[in-house]
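Asks: Starting off with a structure, shown below.
The values are calculated or read from the model by the stated rules, or taken from the named source; none is laboratory data. All values derive from a computational prediction rather than experimental measurement. Positions of Cβ are generated from backbone atoms using ideal geometry, with glycine treated the same way; all protein chains shown enter the neighbour counts. The accessibility values were calculated without ligands, DNA or RNA, using every heavy atom of the protein model including side chains. Shrake-Rupley method; radii C 1.70, N 1.55, O 1.52, S 1.80 Å.
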Amino acid sequence: MTDWSTKLIHSGAHAATGFSSLTIPVYRGSTVVFSSAAAANDDWREEAGYTYGLFGTPTARELAARIAQLEGGRWTFLTPCGQASIALIYLAFARAGDHVLVPDSVYGPNRQFATGVMRGVGVDVEFYPPLIGGGVAALLRSNTRLIWCESPGSVTMEVQDVPAIAGAAHERGVTVALDNTYAAGIYFDSFSHGVDVTMQALTKYVGGHSDLLLGSVTVRDEVLYERLGPVHSGLGYAVSPDECSLALRGLQTLAVRLSAVEKTAITLAQWLAARPEVETVLHPAMPTCPGHELWKRDFTGSTSIFSIVFREGTTRQAIVAFVDALTLFKIGYSWGGVTSLVVPWFGLERTHGHPYGQRVVRFNVGLEHVDDLIADLDNALRHLVDR
Ligand SMILES: *Cc1c(COP(=O)(O)O)cnc(C)c1O
């Protein structure tokens, strides 16, 4: 006789197996049960099968496999958020004494991690002008190990010549990493353009509904896979199966969401470009965006974010009044969800400077009707005055 308290743990009762769901179930689990003592192992590698929850549940592995396939990679590591993916790449590819090149238009928290943590552990971090292209060759040193690209850049949207940068890097054996969040890993084919390690914040377009945080890091090369794996597991980058399940759901509607936001964003960008209050529009699909020709050459689409620069003389106070007068555009960071967002960017950090003063406002376009968004902008522009 087994006591009822033991039965709570070792029940002989089981539901029927064979439920073949159309969707991927949420598998929870830290411990994996092995069929025999000989089969027990603690290898992080995908090829080792399931060994421990940290190295992937079926829900996480399914998402990772789908991201790898979409991005044309061989292996994808999932991380708790896009920023965690950035940190993973730094820690896997840069050591004390190494030199790392980072575009000046990089995502703010990437810059902060580079100048804070990486410099703190003895890595020499240098910011380069994002439009440098093959000219990056002149910045390479004998100890350069990693070049970051982010295209288009955060907020100021510079489109980079990634193939030229990768060409220069590979001549010297330097690893090229790309933050491909803008393109959702879809509209810019990282590997065919020479990138070695590509990451994205799945938080944005793959999640798609502003209700999860996840990141990915994808590679094709086995040497890079072996470099990333121990750092990924050593950092304890576990991901929740619930978040992965939501991201898998997000993938199912990614195509229709991306095509909808692309259309609306271009319409709004063109409408704003025609307004006398606006000096320029920084949208990769418009000729006024630095690097637009490269976008035409290398990208297969544009997405939901773009910035505008108000004309010279527009005060910070006037921009605050404009942003506060918007009602459909909510004021908030992050992007890629269904809700239109706006952020005034008064504190742009650029080592090499920028010509935009404190007149930059960034928009994320959601799934609202384009006419309503235009009406919202039109009304708010009337408030673009000093109070
Ligand atoms: C949002 C974002 C990240 C970070 O993603 P989180 O999931 O929010 O940590 C990284 N890179 C870019 C370009 C981003 O916009």
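Asks: Does anyone have the angle between helix 241-252 and the longest principal axis of the chain? Alpha-carbon axes, 0 to 90°, nearest 10?
Replies: 60
Asks: Separate question: Need one word for the chain: rounded, prolate or oblate. Basis is the Cα gyration tensor (sqrt eigenvalues a ≥ b ≥ c); a/c below 1.5 gives rounded, then a/b vs b/c decides.
Replies: Since a/c reaches 1.5 but b/c is at least a/b, the shape of the chain is classed as oblate.
Asks: Please report, in debye to the nearest 20, how large the charge dipole of the chain is about its Cα centre when each Lys and Arg carries +1 at its beta carbon and each Asp and Glu carries -1 there.
Replies: 260
Asks: Run through the DSSP bridge list for the chain and note the antiparallel percent, rounded to the nearest 5.
Replies: 60
Asks: Expressed as a whole number of Å, what is the distance separating the alpha-carbon centroids of the stretch 58-109 and the stretch 277-316?
Replies: If you average the Cα positions of each part, the centres end up 26 Å apart.
Asks: Could you give the nm distance between label points at ASP3 and GLU312, where each point is 7 Å from its Cα heading toward the beta carbon?
Replies: 8.4
Asks: Along the Cα→Cβ direction, 7 angstrom out, place labels at LEU139 and ALA375. What is the inter-label distance in nm?
Replies: Distance between the two pseudo-spin positions: 4.7 nm.
Asks: Compute the long axis of helix 82-93 from its Cα atoms, compare it with the longest principal axis of the Cα atoms of the chain, and write down the angle in degrees, 0 to 90, nearest 10.
Replies: 70
Asks: By per-residue mean of other Cβ atoms within 10 Å, what is the highest-first order of 309-315, 349-355?
Replies: Listed from highest to lowest mean packing, they are 309-315, 349-355.
Asks: To continue, here is another question. So which GluC sites (Glu not before Pro) in the stretch 1-101 pass both tests, a DSSP loop state and at most 15 other Cβ atoms within 10 Å of the Cβ?
Replies: When the GluC sites (Glu not before Pro) of the stretch 1-101 are filtered for loop state and at most 15 Cβ neighbours within 10 Å, nothing remains.
Asks: Can you return the lysines within cross-link range of LYS296? Criterion is Cα-Cα under 22 Å, with same-chain partners fewer than 8 residues away left out.
Replies: Correct list for LYS296: LYS263.
Asks: Within the stretch 159-254, what percent of beta bridges assigned by DSSP are antiparallel, to the nearest 5?
Replies: Expressed as a percentage, antiparallel bridges in the stretch 159-254 total about 60.
Asks: Still on this structure, I have one more. Order SER302, SER36 by their accessible area, 1.4 angstrom probe, all chains in place, largest first.
Replies: Final ranking, largest accessible area leading: SER36, SER302.
Asks: Taking all protein chains in place and a 1.4 Å probe, what share, in percent, of the accessible surface of the chain do carbon and sulfur account for?
Replies: 55
Asks: How high is the FRET efficiency from SER334 to ARG66, r the C-beta distance, R0 25 Å, rounded to 0.05?
Replies: Computed FRET efficiency for SER334 and ARG66: 0.70.
Asks: Can you give the accessible area of ARG74, probe radius 1.4 Å, in Å² rounded to 10?
Replies: 140
Asks: Roughly what angle does helix 316-325 make with the longest principal axis of the chain, taking Cα atoms, 0 to 90 degrees, to the nearest 10?
Replies: Compared with the principal axis, the helix lies near 60 degrees.
Asks: Also, I was wondering about something else. What's the FRET efficiency of ARG297 with SER21 using the Cβ-Cβ distance as r and R₀ = 35 Å, to the nearest 0.05?
Replies: E between ARG297 and SER21, to the nearest 0.05, is 0.25.
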